[in-house]
Amino acid sequence: MHARYGVPLGITAAGAAGLLYAAAFEARSFRLRRVTVPVLPSGMRPLRVLQVSDIHMVSGQRKKQRWLRSLAGLRPDFVINTGDNLSDPEGVPEVLDSLGPLMEFPGAYVFGSNDYYGPMFRNPARYLLEKVQGRHGLNGNPPAVGVVHNPWEDLRDAFDAAGWLNLTNTRGTLKIEGVSLELTGLDDPHIKRDRYEQVAGGPSDSADFSMAVVHAPYLRTLDAFTADAYPLILAGHTHGGQLCIPFYGALVTNCDLDTDRVKGLSTHTAEGRTSYLHVSAGCGTNRYTPVRFACPPEATLLTLVGRE
């Protein structure tokens, strides 16, 4: 009995325990990370930016909603939302309720593919296969068919009404206590909606500080922003790998970014220039894979300070 069944039963029990932990605890264990980034011109006062990403709201996620509302207590100077707010076509009211207190602050946003389209079940092993084949999103894959169209226009209208800047392949400017902050954004590269030619040219001379925003950190967008001398790029999309191996890290990024930079602060170099890159691991999951392992859900408070 023990020789034939002991090991398989032990492996099954360990797997079940790990799945229970990943779904019932870690996927709901929301964290705030704090990061300091030396990117501002010398003499400018520090700026505190709260980045929220990949909320993937499903109706009824009360703990996530309470946690998001609580972030307003941080009193950031401004908020950046890097997309994928939805994982449920019925989730728009709950996204807006959760972000309502944050929408009292200056902010800006870009959308991700899950804002436009409802989620579909995918075998998680396909992410590994696509990594090996160099296929990501619609970049080399057949276009999605039969997908659910989310009511993203309702999100857009509410964000715009709150005064948040829509950075869909465009630029915008925030005024924060006399500081002119220029933001340049792209629509989601994961579904080939990015149009860098519409925003090319680099930071404006009239702005005190400029930064770039995109949902999915594909290398073509990071190269373009960095070559145009943006000192800081904010992105999301990767979920930090979502299912990671302790003491090793992420296996996939769901884009062509390397796994060493799947989340957190790093740098990117292109054409002899270097930018800081911050990738948020996000605070949600696709509704069909509601698990995280060794990669808790998060938002990030970035304190921008003067360059060293």
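The values are calculated or read from the model by the stated rules, or taken from the named source; none is laboratory data. Keep in mind that what you see is a predicted model, and the values were worked out from it rather than measured. Positions of Cβ are backbone-derived with ideal geometry, glycine not excepted, and every protein chain shown enters the neighbour counts. SASA here: full protein model, heavy atoms, side chains in, ligands and nucleic acids out. Shrake-Rupley method; radii C 1.70, N 1.55, O 1.52, S 1.80 Å.
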- With region 259-308 as the region, which strands (runs of 3 or more DSSP E) entirely inside it contain at least 1 residues that are free of Cβ contacts under 8 Å to residues at least 40 places away in the same chain? 264-270
- When region 44-62 is checked residue by residue, the ones that are buried (at least 22 other Cβ atoms within 10 Å of the Cβ), part of a loop (DSSP other than H, G, I, E, B) and of a type in the set (A, V, I, L, M, F, W, C) are I55
- Residue check for D223: open to solvent by 40 Å² or more (accessible area, probe 1.4 Å), of a type outside the set (G, A, S) and part of a helix (DSSP H, G or I): yes
- Message: Take the conditions open to solvent by 50 Å² or more (accessible area, probe 1.4 Å), of a type outside the set (K, R) and in contact (Cβ under 8 Å) with a residue 24 or more places away in the chain and apply them to P41. Does it pass?
- Response: no
- Would you check if there is a residue in region 142-157 being free of Cβ contacts under 8 Å to residues at least 60 places away in the same chain and under 28 Å from G264 (Cβ atoms)? no
- So which residues in region 164-217 are on the phi > 0 side of the Ramachandran plot and over 21 Å from the mean Cα position of the chain (by Cα)? E177, G178, G201, G202
- Task: Kindly indicate whether any position in region 298-307 is under 28 Å from R122 (Cβ atoms) and either of a type in the set (D, E, K, R) or surrounded by fewer than 22 Cβ atoms within 10 Å (Cβ to Cβ) (or both).
- Result: yes
- Filtering region 174-209 down to residues that are of a type outside the set (F, W, Y) and either touching a His at 6+ places or on another chain (Cβ under 6 Å) or assigned to a helix (DSSP H, G or I) (or both), which residue is most open to solvent (accessible area, probe 1.4 Å)? E197
- Item | Pick from region 226-235, criterion outside any helix (DSSP H, G or I) and open to solvent by less than 10 Å² (accessible area, probe 1.4 Å), ranking: farthest from L257 (Cα to Cα) | Y230
- Item | Whichever residue in region 149-170 is open to solvent by less than 60 Å² (accessible area, probe 1.4 Å) and part of a strand (DSSP E or B) and, among such residues, is nearest to L86 (Cα to Cα) | N166
- Item | Set Y248, Y218: member being of a type in the set (F, W, Y), farther than 30 Å from R75 by Cβ and touching a Cys at 6+ places or on another chain (Cβ under 6 Å) | Y218
